[in-house]
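Scroll down for the structure; my scribbles are underneath it.
The values are calculated or read from the model by the stated rules, or taken from the named source; none is laboratory data. Since this is a predicted model, take the numbers as computed values, not measurements. Glycine also receives a Cβ, built like all others from the backbone with ideal geometry; neighbour counts cover every protein chain displayed. Protein only, heavy atoms only, side chains kept; ligands, DNA and RNA dropped before computing areas. Shrake-Rupley method; radii C 1.70, N 1.55, O 1.52, S 1.80 Å.
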Amino acid sequence: MRSGKNGSTLLTEGSILGKLFGFAVPLFLGNLFQQLYNTCDSLIVGNFVGSEALAAVSSSGSLIFLLVGLFNGIAMGAGVVIARYFGARDPEHMRRAIHSTVFFGIVAGLALTVLGILLTPQLLRWMGTPEAVLPQSITYFRVYFAGALAVVLYNVAVGILQAVGDSKHPLYYLMISSGVNVVLDLVFVGALHWGASGAAAATVIAQGVAFFSAAAFLFLHKEAVQFDFRLRSFAVDREQLGALCRLGIPSVVQQFLITISITFVNAQVNAFDVAASAVDSVGGKLNMVANIITGAISTATATMIAQSFGARKMGYDSLQPDQYRILDKRAG
């Protein structure tokens, strides 16, 4: 199977570079549109409200990346596990891995909602957020985290699609949701004058649109991607959960350390004034855009390697079955 109407694609056949870059380019564009959420919020709030609201919105990037990234690291590990089974054409284990991942996503999304709403004031104070910005920052974050479940589940759905070699449909959904975000920003912030809370509401609704679009696609192609929407199927398989944790935790630690360092720098800048905080946030967004290129290539590479591992196409033709079993055990 090379490619189907459901968007799934085996990355183990054909030109390696062709498949790699063909998969990575939509990932890059999708990540670019992902960055547009907060960037558009900042631009529209800055033009219609003022510098304090702009600083409140712009300073959200690193904290959101920290909290959401902790859960998305596990989702990345799940994507590797699912891609292995897809490459091996093992539908039963693939189904168990997918449903364990979705169950984890539901629990993680609910936990992120509660923790985000409760801990927002303390986290912002640890970041050294200026007092003039603090009320609007708290409002922005609490509205955002009220919709955190949709954000986490969208990333889970995207991880499933990417694991089966589909990077195009997530791009389409992000393009649609980015357009929705811009329109709602103009309505909520420009027309209704809701300020930072309006920008957060626009982002939450737009990401909800992306999630429901991805969920609808999975439902329409549930046989191909081994996704069962029946309630009794949403259970944890300990073996699969252990595998995705072993593969995801290193990514969690990496993202945590990077974000902590960024947050520390932001805290030092926030000690100056609102203008310095706003300028630093804009520079941080430009840096994040530059980093998404390497992120897209690394995700594409990980997916291709995982599918190849599952399909036993590793370039080691001399390996015996018992040697593959050793590699399987090491991979979790």
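For the residues 151, 133, 156, the requirement of being open to solvent by less than 40 Å² (accessible area, probe 1.4 Å), under 15 Å from the mean Cα position of the chain (by Cα) and under 30 Å from residue 268 (Cβ atoms) singles out 151. For segment 183-204, a tally of residues being crowded, with 17+ Cβ neighbours inside 10 Å and in contact (Cβ under 8 Å) with a residue 12 or more places away in the chain returns 14.
Quick check on my filter: what residues within segment 112-130 are among the hydrophobic types (A, V, I, L, M, F, W, C), in contact (Cβ under 8 Å) with a residue 40 or more places away in the chain, surrounded by 16 or more Cβ atoms within 10 Å (Cβ to Cβ) and under 26 Å from residue 153 (Cβ atoms)?
Pass one, segment 112-130, residues among the hydrophobic types (A, V, I, L, M, F, W, C): 112, 114-115, 117-119, 123-124, 126-127.
Adding the requirement that they be in contact (Cβ under 8 Å) with a residue 40 or more places away in the chain leaves 112, 115, 123-124, 126-127.
Applying the additional criterion that residues be surrounded by 16 or more Cβ atoms within 10 Å (Cβ to Cβ) yields 112, 123-124, 127.
Those that are among the hydrophobic types (A, V, I, L, M, F, W, C), in contact (Cβ under 8 Å) with a residue 40 or more places away in the chain, surrounded by 16 or more Cβ atoms within 10 Å (Cβ to Cβ) and under 26 Å from residue 153 (Cβ atoms): 112, 123, 124.
For segment 235-247, the criterion of being farther than 21 Å from residue 86 by Cα, modelled with pLDDT under 70 and either open to solvent by 30 Å² or more (accessible area, probe 1.4 Å) or assigned to a loop (DSSP other than H, G, I, E, B) (or both) is met by no residue. Residue pairs whose Cβ atoms lie under 8 Å apart, sitting 6 or more positions apart in sequence or on different chains, and linking a residue in segment 30-51 that is farther than 20 Å from residue 155 by Cα to a partner that is of a type in the set (Lys, Arg) and part of a helix (DSSP H, G or I), are 42/285.
Taking residues in segment 206-221 that are on the phi < 0 side of the Ramachandran plot, and partners anywhere that are acidic (Asp, Glu) and open to solvent by 10 Å² or more (accessible area, probe 1.4 Å), not one pair has Cβ atoms closer than 7 Å while being at least 6 places apart or on different chains.
Within the bounds of segment 269-276, is there any residue that is closer than 29 Å to residue 131 by Cβ, modelled with pLDDT of 70 or more, part of a helix (DSSP H, G or I) and out of contact with any Leu (no Cβ under 9 Å at 6 or more places or on another chain)? Looking through segment 269-276, at least one residue is closer than 29 Å to residue 131 by Cβ, modelled with pLDDT of 70 or more, part of a helix (DSSP H, G or I) and out of contact with any Leu (no Cβ under 9 Å at 6 or more places or on another chain).
Only residues that are modelled with pLDDT under 55 and surrounded by 15 or more Cβ atoms within 10 Å (Cβ to Cβ) were counted in segment 294-328, giving 0.
Would you kindly identify the helices (runs of 4 or more DSSP H) lying entirely within segment 49-136 that contain at least 2 residues that are at pLDDT 75 or above and farther than 30 Å from residue 239 by Cα?
The helices (runs of 4 or more DSSP H) meeting that bar are 91-126.
Looking across segment 76-110, the residues that are open to solvent by 30 Å² or more (accessible area, probe 1.4 Å), of a type in the set (A, V, I, L, M) and in contact (Cβ under 8 Å) with a residue 12 or more places away in the chain come down to 76, 80, 88, 106, 110.
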